[in-house]
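The values are calculated or read from the model by the stated rules, or taken from the named source; none is laboratory data. Since the model is a prediction, treat every value here as computed from it, not as a measurement. Using ideal geometry, Cβ is built from the backbone for each residue, glycine included, and neighbour counts are taken over all protein chains shown.
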Amino acid sequence: MKKLILTSFISSSIVLALTGCGSSTVSHTVSKANDSVTAVAPPIAKKIAHETKIHGYVMQDNYHWLRDDSRSDPKVLAHLERENTYSDSILNSTQALQNTLFNEIKSRMVKDKRSVPVKDGKFFYFTETLGEQEYPSLYRSDNVSGKGAKLLFDMNIHAQGHNYYNIADFSISTNGDLLAYSEDTLSRRIYTIRVKNLVTGNTLSDELIGVQGGVVWGNDDKTLYYVKKDPVSLLGTQVFRHTLGTPQSADELVYNEKDNTYYTYISKSKGGEYVYIHHSSTESKGVSIIDANNAKAQPQRFIEREKGLEYSIAKLKDWFYISTNLNAVNFKLMKVHESQYSNKANWQTVIQHDSKEKFEDFALFDSHLVYKTRKMGQAYITIRDLASGKEHPLEFNDPAYLVNLTGNKELGNGAVRISYSSMTTPKTTFEIDLNTYTKAILKEAKILGDFNADNYASERIFVTARDGKKVPVSLVYRKELFKKDGTNPILQYAYGSYGYTRDASFSNSKLSLLDRGFVYAIAHIRGSQMLGRQWYEDGKKLNKKNTFNDFIDVTRALVKQGYADKDRVYAQGGSAGGLLMGAVVNQAPELYHGVHAAVPFVDVINTMLDETLPLTTNEYDEWGNPNEKVYFDYMRSYSPYDQVKTQDYPNMLVTTGLHDSQVQYFEPAKWVAKLREKKTDSNKLLFKVDMQAGHGGASGRYNSIKDRALHYAFFVELANGRL
């Protein structure tokens, strides 16, 4: 259920018999211009009674049998394969368009792609992907140009023989001779850590299994810290210390998280003196620290955890800087001397709390502080001289954009790096001198072919929701194909959970929609933090329905204002955004011609009642605990699976991965089965299950494009009346 965020290739540690279906065997023929294909009938899942009694209420779940935690039950697998066969038979008519879209998106990509080298210790690190390669390779050089770079790791070689492959983390030892990496070949987000000797090129015998992605080196170059996952809940609860050359069974447990509402992960301070253990629940966050120079050191709480208190830390010389919500709903920045950190009374304010501006991020340098804030949905970057207090704000011209601090690994750097893009501007990496503020472009993402940014326009508007709140909306379209007269098809996207804010950024793949006359809209609905922390608070737990209402109200406004053809409105969301899709099609199905729900969290109550499922207990502060009646009643009033009605539904494409560890495959499987039982229309209901993938979909840069091409073909063919 947790947010849909794909794991990056490089982490910040461097840069970085019975089928149960009961379906008919009747088939029908789909005719096309030059051929015809036989399509099977939609699978009708068998109903087997399953009851859950709670709060005096009996919950009926006739499709509970579709849950198979082992992912090996022949009945369940056969049903999923029938769903794929059915979907493929319907989508066969879109195959030509899928191929066209795939080739379009691919043709705009630069095949030989190198990241901007980032200094970390003695070397500069970067990744490079060449030709038809699916995955990047990691290099390092002793200069910023990358000249004479040494290949450290080729993911393409390691991915051979695997249907899925992902690296969560690369981490270099302090002396630069050893590379620790964590890899997943199942897409279950359960990793194995291995170590490569960069001098000899050999892989060491050490193998740490069943872990989270993160790995951190101690400063003795032979100690590794990692987080082991609970094999049932898949929560990372234990931090271990491993000594090279010893078996994993001998590893020392240095921290054991006993509160199952917390996530645990690790990192290292920018100066390298501490290993940080991060404790993160939805509404409380904190840190424990370990001396990275002492392989016997035990973790110490920065301060004792408090319900509702959130903070993160960074170290500069003798001072800790603390981003916190201490008496600050929108967060603020404080600092404390390293000798006094454990007492909040010693914390000093560096950047005051602002009720109208959220403090979001910061980077420290020897003599400067660079920080990011957000006001009325717009992000701002400011450079402050720590000695004089003088500040310099950076300015951006687009009406909506994405800007982030990135690759700032060294305290001694004299310049700050930021990445910037907008809905019409491809990603650009800048380096800005901290003293003179001169700006240098390190890299501009190239879009091949006839792309011209001047052909596209972006807007940022506010829509008034039913309760009077103003909801920001970011829009982009191709100028000569757009008329504000209600004739353009529109694809509206949102997420709206966990405080995750989706900014307006550039998308190569979206160009294929814009060039076909689509308007693309991001609704920055409540549940994100687009308008500050309160915007998030107003979209979770007993306020969750605001998220759904905002999305629906934005749709109605965009149609009324002429941005969208009322008969060609499409919606898309994934994970918790898939919950959003499930809720809006129950509440206002008439508004949407087609909907794509990716890895959708739709069985809210059953999932939140089952503490054996990954992530459940960590989510109580987001959704509420249904063991408490007030939350149970509220969840039941919107949970997509529970609220499926006897009514018409839009055309729908539902996608998932069999190995999804965030939203288990059986949630959408059950939901689709119930929709088939209840819906009264003849619209398409397609369920595609990637039998090799997990929450993030297919791995590899080209394989993922195939997924997007399928999704876009679904929308385009619907919009043109061909599906």
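Please verify whether segment 508-518 includes one or more residues that are within 23 Å of the chain's Cα centre (by Cα), modelled with pLDDT of 95 or more and of a type in the set (Lys, Arg).
Residues of segment 508-518 within 23 Å of the chain's Cα centre (by Cα): 508-513.
Those still in the list that are modelled with pLDDT of 95 or more too: 508-513.
Among the residues that remain, those that are also of a type in the set (Lys, Arg) are: 510.
Scanning segment 508-518, I find at least one residue that is within 23 Å of the chain's Cα centre (by Cα), modelled with pLDDT of 95 or more and of a type in the set (Lys, Arg), so the answer is yes.
For (1) within 16 Å of Arg701 (Cβ to Cβ); (2) in contact with a strand residue (DSSP E or B) (Cβ under 9 Å, 6 or more places away or on another chain); (3) of a type outside the set (A, V, I, L, M, F, W, C), each residue gets a yes or a no:
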{"residue": "Leu101", "(1), (2), (3)": "yes, no, no"}
{"residue": "Ser115", "(1), (2), (3)": "yes, yes, yes"}
{"residue": "Phe123", "(1), (2), (3)": "no, yes, no"}
{"residue": "Phe126", "(1), (2), (3)": "no, yes, no"}
{"residue": "Arg140", "(1), (2), (3)": "no, yes, yes"}
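Of the numbered conditions (1) buried (at least 22 other Cβ atoms within 10 Å of the Cβ); (2) more than 18 Å from Asn62 (Cβ to Cβ), Pro640 fails exactly one; give the number of that condition.
So Pro640 meets the others, but not (2).
Please identify the pairs in which a residue from segment 661-679 that is in the same structural domain as His79 (by TED's automatic domain parsing) and charged (D, E, K, R) has its Cβ atom under 7 Å from the Cβ atom of a residue that is part of a helix (DSSP H, G or I) and surrounded by 23 or more Cβ atoms within 10 Å (Cβ to Cβ), counting only partners at least 6 apart or on another chain.
Partner pairs satisfying both residue conditions: Glu667/Thr607; Lys670/Leu66.
Exactly one of these conditions fails for Phe396: (1) assigned to a loop (DSSP other than H, G, I, E, B); (2) hydrophobic (A, V, I, L, M, F, W, C); (3) modelled with pLDDT of 95 or more. Give me its number.
(3)
Hey, can you tell me all the residues within segment 357-380 that are touching a strand residue (DSSP E or B) at 6+ places or on another chain (Cβ under 6 Å) and more than 24 Å from Phe430 (Cα to Cα)?
Within segment 357-380, just Glu357 meets the criteria.
Scan segment 295-331 residue by residue and report those that are among the acidic types (Asp, Glu), closer than 25 Å to Val370 by Cβ and either surrounded by fewer than 17 Cβ atoms within 10 Å (Cβ to Cβ) or more than 26 Å from the chain's Cα centre (by Cα) (or both). Steps first, please.
Looking only at segment 295-331, we keep the residues that are among the acidic types (Asp, Glu), and these are 304, 306, 310, 318.
Checking the rest, the ones that are also closer than 25 Å to Val370 by Cβ come to 310, 318.
Asp318, the sole residue that qualifies.
Determine whether segment 689-696 contains at least one residue that is over 15 Å from Val602 (Cα atoms) and surrounded by fewer than 19 Cβ atoms within 10 Å (Cβ to Cβ). Give the derivation first.
Narrowing segment 689-696 to residues over 15 Å from Val602 (Cα atoms): 689-694, 696.
Then keep just the ones that are surrounded by fewer than 19 Cβ atoms within 10 Å (Cβ to Cβ); that gives 691-692.
Yes, the conditions are met somewhere in segment 689-696.
All but one of (1) assigned to a loop (DSSP other than H, G, I, E, B); (2) hydroxyl-bearing (Ser, Thr, Tyr); (3) over 22 Å from the mean Cα position of the chain (by Cα) hold for Ser661; which doesn't?
(3)
Where residues in segment 21-55 are at pLDDT 95 or above and more than 27 Å from Pro74 (Cβ to Cβ), which of them is surrounded by the fewest Cβ atoms within 10 Å (Cβ to Cβ)?
Lys53
Among the residues of segment 339-347, are any charged (D, E, K, R), assigned by TED's automatic domain parsing to the domain that holds Gly213 and crowded, with 16+ Cβ neighbours inside 10 Å?
Quick first cut of segment 339-347, residues charged (D, E, K, R) only: 344.
So of that shortlist, the ones also assigned by TED's automatic domain parsing to the domain that holds Gly213 come out as none.
No, segment 339-347 has no match at all.
Which count do you get for residues in segment 71-123 that are more than 27 Å from the chain's Cα centre (by Cα), assigned to a loop (DSSP other than H, G, I, E, B) and of a type outside the set (D, E, K, R)?
Residues that pass the stated criteria total 2.
Mind counting the residues in segment 148-165 that are part of a loop (DSSP other than H, G, I, E, B) and surrounded by 15 or more Cβ atoms within 10 Å (Cβ to Cβ)? Spell out how you get there, then give the answer.
Start the filter on segment 148-165 by keeping residues that are part of a loop (DSSP other than H, G, I, E, B), which leaves 148-149, 160-165.
With the extra rule that they be surrounded by 15 or more Cβ atoms within 10 Å (Cβ to Cβ), the set shrinks to 149, 162-165.
So the count comes out to 5.
Residues that are in contact with a Gly (Cβ under 8 Å, 6 or more places away or on another chain) and modelled with pLDDT of 95 or more, at least 2 per element: which strands (runs of 3 or more DSSP E) completely within segment 323-390 meet that?
Working: elements: 332-337, 348-351, 357-364, 368-375, 378-385.
Those strands (runs of 3 or more DSSP E) span 357-364.
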